[in-house]
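Enquirer: If you scroll down you'll find the structure; I have some questions about it.
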Amino acid sequence: MVIAMLLSGSIGLFVIKSGQSPINIVFFRCLIAALCLIPLCYFYGHFSKKYFNIKDLMFMVISGLLIVFNWALLFAAFPKTSISLATIVYHVNPFIILFLGAILFKDNIKKNDIAWTVLAFIGLIIIIGLGNFKFDDNQLFGLVLVLIATTLYSISVLITKKLNNTPPLLLVLIQTISGAIALFPFANLIDLSPTENQWIFIICLGVVHTALLYFLMYSAIKKIPLNNIAILSFIYPISTILIDYLFFDHRLTSLQFIGSTFILISVLGIKLHWNIFKMNH
């Protein structure tokens, strides 16, 4: 899980270093990951008829399309804001999942969940800067892209919750194949001229940051408790902040740091079911 989260933290770096458009990056990421996952799924016996009923397959394809367009929007946001800021704002997805679940599936929302959501929303407002400090239109547009991306991801999560019997690696395979097919008409392969170094970054995004990352993550989820997963997942945004600083000299302003802290504490609170009201006593 630690290795998976460190890999997640370096995705933004590889996206920018690949020198490609977001659509091209996601197309190759899907294509390369799918080619890696086919033998893995075959080895684990996932190509069984029982996993391929029409309803489940439809859910897998729809969730896949949502995931790949979420990637494209997130990757488009990286150069407009910064990798670290985009990643932290992206982490509001547990709250979106919570409220979408309440609207679509009539799930109950506890007052504790609302309190953590309010704290995260305050953090978001501080980051966006509804005050006197500077935040240009380009950055704001980047964060809007991130919020749309994380909403698409959240809907995808809710759809995949319906796939109780589908092996996770098979799900990622169908998602990446769906993504590659959907993005093929939009990928600009004619003017594609990556250098040798850029090809390394593109291939790594498919092999290491998708196929290997999901394999590690799903293997870890089977072995460690949910509380540990929630805590270890914070390696992702923290490593992103470090990479963003080391490679691009981007650093969070003091207000952005405060807003980010609010969001990350809220996410941890909601994932670990901390009772915010008992903390006040």
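Bear in mind these aren't lab numbers, they're just calculated from the coordinates by the rules spelled out. Here the structure is a predicted model, which means the values were calculated and not measured. We place every Cβ from the backbone using ideal geometry, glycine too, and count neighbours over all the protein chains shown.
Enquirer: State which stretch of the chain is the longest one without any exposed trypsin sites (Lys or Arg not before Pro), exposure meaning a DSSP loop state and at most 13 other Cβ atoms within 10 Å.
Expert: Details: sites that count: K106, K110, K134, K161, K162, R251.
With a cap of 13 other Cβ atoms within 10 Å, the longest stretch comes to 1-105.
Enquirer: Just to confirm the filter: which chymotrypsin sites (Phe, Trp or Tyr not before Pro) across region 168-254 are DSSP coil and have at most 13 other Cβ within 10 angstrom of their Cβ?
Expert: Values: sites: F186, W199, F201, Y214, F215, Y218, F234, Y245, F247, F248; in loops: F186, F234.
Within region 168-254, the qualifying chymotrypsin sites (Phe, Trp or Tyr not before Pro) (loop, at most 13 other Cβ atoms within 10 Å) are F186.
Enquirer: Which lysines have a Cα less than 23 Å from the Cα of K49, not counting those fewer than 8 places away in the same chain?
Expert: Reachable lysines: K161, K162.
Enquirer: Let me ask something else. Work out how much length F47 to N197 would gain on full extension: take 0.36 nm times their residue separation and subtract the Cα-Cα distance, in nm to one decimal.
Expert: Numbers: separation 150, 0.36 × 150 = 54.00 nm, distance 3.52 nm.
This chain segment gains 50.5 nm when fully extended.
Enquirer: Nothing charged except the Cβ atoms of Lys and Arg (+1) and of Asp and Glu (-1): what's the magnitude of the dipole of the chain about its Cα centre? Round to the nearest 20 debye.
Expert: 960
Enquirer: For the chain, set up a GNM with springs between Cα atoms under 10 Å and report which of A120, A34, A187 has the largest fluctuation.
Expert: Maximum fluctuation in the GNM of the chain, among the listed residues, is at A187.
Enquirer: Before anything else, pin down the relative contact order of region 2-279: Cα pairs under 8 Å, at least 6 apart, normalised by residue count, whole percent. Walk me through the numbers before you get to the answer.
Expert: Working: 340 pairs, mean separation 123.2, N = 278.
That works out to 44 percent.
Enquirer: If you don't mind, another one. List the lysines whose alpha-carbon lies under 29 Å from that of K17, not counting same-chain residues fewer than 8 positions away?
Expert: K80, K134
Enquirer: For A102 and N165, compute 0.36 nm times the residue count separating them, minus their Cα-Cα distance, and round to one decimal in nm. List each step's numbers first, then the result.
Expert: On the way: separation 63, 0.36 × 63 = 22.68 nm, distance 2.35 nm.
In short, 20.3 nm is gained.
Enquirer: Here's a follow-up. Projected onto the charge dipole of the chain (+1 at Lys/Arg Cβ, -1 at Asp/Glu Cβ, origin at the Cα centre), which of W71, L189, Q175 gives the Cα projection farthest towards the positive end?
Expert: Q175
Enquirer: Kyte-Doolittle cut-off 0.0, length cut-off 27 Å along the helix's own axis using Cα: show which whole DSSP H helices in the chain pass. Numbers along the way, then the final one.
Expert: Working: long enough: 22-43 (32 Å, 2.02); 54-77 (35 Å, 1.90); 137-160 (34 Å, 1.57).
Span-like helices, by this rule, are 22-43, 54-77, 137-160.
Enquirer: Hey, if you put +1 on the Cβ of every Lys and Arg and -1 on every Asp and Glu Cβ in the chain, which of N138, S254, A211 ends up farthest toward the positive end of that dipole?
Expert: Farthest along the dipole direction, towards plus: A211.
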